[in-house]
Number of protein chains: 4
Amino acid sequence: MAAAQFVVTLSCPDRPGIVAAVSGHLAAQGNNILEAQQFDDTDTGRFFMRIVFEALAADATLAGLQAAFTPIAERFDMQWQLRDRSERRRVLLLVSKFDHCLADVLYRWRTGELSMDIAGIVANHPRETYRHLDLDAIPFHYLPADRNHKAAQEALLWQVIEQSQCDLVVLARYMQVLSDELTTKLAGRCINIHHSFLPGFKGARPYHQAHRRGVKLIGATTHFVTAELDEGPIIEQDIERVTHRDTAEDMIRIGRDIERRVLARTLRHYLDDRILLNGSKTVVFTS
Amino acid sequence: MAAAQFVVTLSCPDRPGIVAAVSGHLAAQGNNILEAQQFDDTDTGRFFMRIVFEALAADATLAGLQAAFTPIAERFDMQWQLRDRSERRRVLLLVSKFDHCLADVLYRWRTGELSMDIAGIVANHPRETYRHLDLDAIPFHYLPADRNHKAAQEALLWQVIEQSQCDLVVLARYMQVLSDELTTKLAGRCINIHHSFLPGFKGARPYHQAHRRGVKLIGATTHFVTAELDEGPIIEQDIERVTHRDTAEDMIRIGRDIERRVLARTLRHYLDDRILLNGSKTVVFTS
Amino acid sequence: MAAAQFVVTLSCPDRPGIVAAVSGHLAAQGNNILEAQQFDDTDTGRFFMRIVFEALAADATLAGLQAAFTPIAERFDMQWQLRDRSERRRVLLLVSKFDHCLADVLYRWRTGELSMDIAGIVANHPRETYRHLDLDAIPFHYLPADRNHKAAQEALLWQVIEQSQCDLVVLARYMQVLSDELTTKLAGRCINIHHSFLPGFKGARPYHQAHRRGVKLIGATTHFVTAELDEGPIIEQDIERVTHRDTAEDMIRIGRDIERRVLARTLRHYLDDRILLNGSKTVVFTS
Amino acid sequence: MAAAQFVVTLSCPDRPGIVAAVSGHLAAQGNNILEAQQFDDTDTGRFFMRIVFEALAADATLAGLQAAFTPIAERFDMQWQLRDRSERRRVLLLVSKFDHCLADVLYRWRTGELSMDIAGIVANHPRETYRHLDLDAIPFHYLPADRNHKAAQEALLWQVIEQSQCDLVVLARYMQVLSDELTTKLAGRCINIHHSFLPGFKGARPYHQAHRRGVKLIGATTHFVTAELDEGPIIEQDIERVTHRDTAEDMIRIGRDIERRVLARTLRHYLDDRILLNGSKTVVFTS
């Protein structure tokens, strides 16, 4: 039987000896380090690390490992997390009638490419809208957009979020701006896929903005959701080439492909504990 | 002996029969069409075309072809140009101390990749700054930047432009903002390479802006210079991936590669008469 | 009401006057040219053209346009086709248990991105294998792979092809090598998506071959199917970056994304009459 | 004053405790780890690591650090290297008349982008061939290619290599096949830039091969030189899109850009000790 694998991610003020302390501790506890990445942000003096290890001791438990790590974390004033890699994250998907991201995430989830549990789907449109997708037994919540009762709708949304016990909320082309209050409550665990190459074309109808400006590349961006619209820490971006022949509608079509692959990569990185917040930016430990 | 080749580029209000009229006329004059591209801008109702042809008649001259084409052009109310492809364009290069674009353009010019005459180099720094580049017999104009005498300096610059009889002025990382007056005089024949993926990060120090924002891709953009800073019609763009590890200085280094290839492509397209202005946008007839 | 649109594609020995003859003829018949692309293969002396036009005459019919074009086609010894753009092509999809291309094509077909009729699905696996996909009323043919009765199976396949009245057969990860006899019968109307960057890694298990060789980019290729395995005319290719960390299984996963976008682009080009055969190569008139 | 930086690269049979032993040792000696990357090749059971550290002890010397590391290295049966990052590598450049890679490397060396000493240039053509490049005081060795006296020429080349005391030999479009004997002597310290996307189009005139095959992407590859032509461990690759319009000559032109950026990246990685040999493959620790 393969040994259980764990992942620790941490950030703390940089100073000599962190790597040695962490790796020495893990080894002393009978663990074998499989992957390790680190980053010093010399602008801010903050240190970031991600370590994947296997616990060779037969009696290793998550709680035990966490307890043993705590003194190290306190010594270096770390923000940290130590997880069992076999524990699947719960992800809640929020969608509007544009379902290309939803369809793509479902497909990748079914093939095992995205190793997670889908905690539910929240949609502005009734289930019938997605009749060509196999939503299976995934809890489906129909929350029609209603400009006049936005607060009430958000209260319902918050209820779904809490009841779903989700780790992450994904605005998979949700097309609703969340209130400051809700974004604050979801800080660090809500990501959005924006259909432009930020910081260009913030706000509504970015492909129409891009078409009007005559750009030669269009893009998409995932970012953590913050109170300031489309200004949260950027996680991943990608682009495709367009020409003068491409109408705004062509860009919307081309953009669907960009959006879904940017979101898919973001989810993979998230599920693999590769994304760390660094103030208004992110550290993404790709391989 | 190969027949002489010509290229006609035109734009006019769209209406049926333009293609047939133009190609019929060219054929009737004993020419053979080698390449043809067209574009209808359905937003504005304007039609764009580029045709490369060889004149099979032994006595064909540029003046004769132009004279023969004039009635067609008038009939359709065309903005047009008919050029001899063997006639080399004259290009004036404006540079600051960042000489990567200059070095690259010189190399491509020497290999024959950029088929043009270099009408001169205008630099804010003395010739000695570029001592590792072989500037050969290219006229070199040292115009030190001087904030207090900007108008006088621009007068000198205009004199160089006029005397050089250049077709195109290239701001190859010139780092000076031209006055409204000068940009107006140079309308349609002055291009700039901007070191960001416009419309993101306009203005100064774009790589520092990009670093601060934490984007995952950086880019460069060529555009026609207009009075509004970094808002002119975009010609070409490209990007490269960066990570949280890349400092602003790394981005500057990576950006050099992007800038030089975006500028090189732009010049190739320009020299091949592939770039047409379309209001605040461009039509670029790549193959 | 918008005028009916037609597209003519042709190839013939190159000689002066083809463009003028074709565009003059179309104009004389009261048509308006919307798009035109041409290419002279100077290696072989063959000329290729694609013209999209709208028929302004109220009584224009496909048959009438074809009849009127025939003398021109004969004069220049053309291989040609003149189609009504509103007539949807019939496409037959052949799949194995790897259904990522199938799922992607179905999604794009439903959104209208691929404007075609799906004439049927032929699968080596029973319908249950694809239970998460909405196959709707698309005719489904289960043809289990059987090494011992390959000829009999191909006879059944041919029957399905004929009865489906399909214009195009797509091996969407079919994983069966067709016989010389069948490839000959399907010449020019059968395309395959191969999971490597051809000509590297022909044949079986290309991602394993790529992993063994230690390449830093992997790719996928669509090509017309010919008797010689993986040697048919290439239509489209794309790649993604991999690293030493990527196992053969990672490459298979990454490759799924490449394969589906290469196939999708190929189908769009095909449905838009942009792909012309040129001996062992293709001419692809992208915009 | 900034502390001196060192880099250790190593590979050894994988077993638990390597990371902890190495990082613990470095910390115990008063060093601070700045970067660390590791890789387990699960196919071969071999472990690879690269660590950048600064020596905080005032009296730290390279020799001292190496001596202190030796017991660790022996304990784990490591192949290893420990270098002072401020010590510049000596690189010998071999070129033919195609000088685009040479020109590019020289430019990047002058800007400081490639932090190395150029130990010399060996050319098949006389110095006059490169008159537009500023070769400065770099030792220049003219070794005309001579099929009839290949052995004698290689003896001269070997003499230059030895006298130049170079760490790395770069075939920067050298266009000569080295003998088995010489490749054996240069094992692991000679790299070639091949002008194709290997393993496609090995051997001579790859762009002509690519044109004949009708591929839609062309590429370039750097690899360690081994006795088997174009079969050595691949270090880096890149591609660009081509179309049916691109002649073999166009591909040669486009290829120049690919070749020079692939070679530049390879050199940066090499100079930063990021490339480790792994049998017939490479481990490249990019950030």
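The values are calculated or read from the model by the stated rules, or taken from the named source; none is laboratory data. It should be emphasised that the depicted structure is a prediction, and the values quoted were computed from it without experimental measurement. A quick note on method: Cβ atoms are made from the backbone with ideal geometry, for glycine too, and the neighbour counts reach across all protein chains shown.
Brief remarks on what is shown
- For segment C:141-223, the helices (runs of 4 or more DSSP H) that sit wholly inside it and include 1 or more residues that are within 14 Å of chain D (Cβ to nearest Cβ) and closer than 25 Å to residue C:237 by Cα are C:206-213.
- Candidates in segment B:119-137 are the residues that are under 22 Å from residue B:89 (Cβ atoms) and surrounded by 16 or more Cβ atoms within 10 Å (Cβ to Cβ); of these, the one that is farthest from the other protein chains (Cβ to nearest Cβ) is B:122.
- Residue in segment A:186-204 that is surrounded by fewer than 18 Cβ atoms within 10 Å (Cβ to Cβ) and free of Cβ contacts under 8 Å to residues at least 12 places away in the same chain present: yes
- Count of segment B:224-238 residues which are outside any strand (DSSP E or B) and among the charged types (D, E, K, R): 3
- Filtered residues of segment B:235-247 (kept if under 17 Å from residue A:199 (Cα atoms) and within 9 Å of chain A (Cβ to nearest Cβ)): B:237, B:238, B:239, B:241, B:243, B:244
- Number of the exception - residue C:47 against (1) at pLDDT below 95; (2) within 11 Å of chain B (Cβ to nearest Cβ): (1)
- For segment C:99-112, filtered to residues that are surrounded by fewer than 18 Cβ atoms within 10 Å (Cβ to Cβ) and either in contact with a Leu (Cβ under 7 Å, 6 or more places away or on another chain) or on the phi < 0 side of the Ramachandran plot (or both), the residue that is farthest from the other protein chains (Cβ to nearest Cβ) is C:111.
- Here residue A:85 meets the list (1) touching a strand residue (DSSP E or B) at 6+ places or on another chain (Cβ under 6 Å); (2) closer than 24 Å to residue A:162 by Cβ almost entirely, failing just condition (2).
- Residue ID - nearest to residue A:183 (Cα to Cα), chosen from residues in segment A:224-251 that are of a type in the set (Val, Ile, Thr) and surrounded by fewer than 19 Cβ atoms within 10 Å (Cβ to Cβ): A:247
- Filtered by the rule that a residue be over 24 Å from residue D:16 (Cα atoms) and part of a strand (DSSP E or B), segment A:3-19 gives A:11, A:12, A:13.
- For segment D:218-234, the set of residues classified as in contact with a helix residue (DSSP H, G or I) (Cβ under 7 Å, 6 or more places away or on another chain) and more than 17 Å from residue C:197 (Cα to Cα) consists of D:222, D:225, D:226, D:227, listed by residue number.
- In this entry, residue B:8 is excluded by the filter for residues that are surrounded by 22 or more Cβ atoms within 10 Å (Cβ to Cβ), out of contact with any Gly (no Cβ under 9 Å at 6 or more places or on another chain), facing another protein chain (nearest Cβ under 8 Å) and β-branched (Val, Ile, Thr).
- Within segment B:82-116, tally of residues that are of a type in the set (Asp, Glu) and over 23 Å from residue D:107 (Cα atoms): 2
- Qualifying residue in segment B:24-43 (condition: more than 30 Å from residue B:281 (Cβ to Cβ) and assigned to a loop (DSSP other than H, G, I, E, B)): yes
- All positions within segment A:58-113 that are of a type in the set (A, V, I, L, M, F, W, C), more than 30 Å from residue A:255 (Cα to Cα), free of Cβ contacts under 8 Å to residues at least 12 places away in the same chain and in a helix (DSSP H, G or I): A:63, A:67
- Within segment A:277-287, tally of residues that are part of a strand (DSSP E or B) and touching a His at 6+ places or on another chain (Cβ under 9 Å): 5
- Test: residue in segment A:16-27 that is more than 10 Å from chain D (Cβ to nearest Cβ), crowded, with 17+ Cβ neighbours inside 10 Å and not hydrophobic (A, V, I, L, M, F, W, C): no
- Residue within segment A:263-278 that is touching a strand residue (DSSP E or B) at 6+ places or on another chain (Cβ under 9 Å), farther than 21 Å from residue A:190 by Cβ and away from chain B (no Cβ under 11 Å) present: no
- Lone unmet requirement of (1) among the β-branched types (Val, Ile, Thr); (2) more than 14 Å from every other protein chain (Cβ to nearest Cβ); (3) touching a His at 6+ places or on another chain (Cβ under 9 Å) for residue C:72: (2)
- Contacts under 8 angstrom Cβ, first residue in segment C:119-133 being assigned to a helix (DSSP H, G or I), partner of a type in the set (D, E, K, R), 6 or more apart: C:129/C:97; C:129/C:99; C:130/C:99
- Residue D:255 meets each of the listed conditions (1) more than 18 Å from the chain's Cα centre (by Cα); (2) in a loop (DSSP other than H, G, I, E, B) apart from (2).
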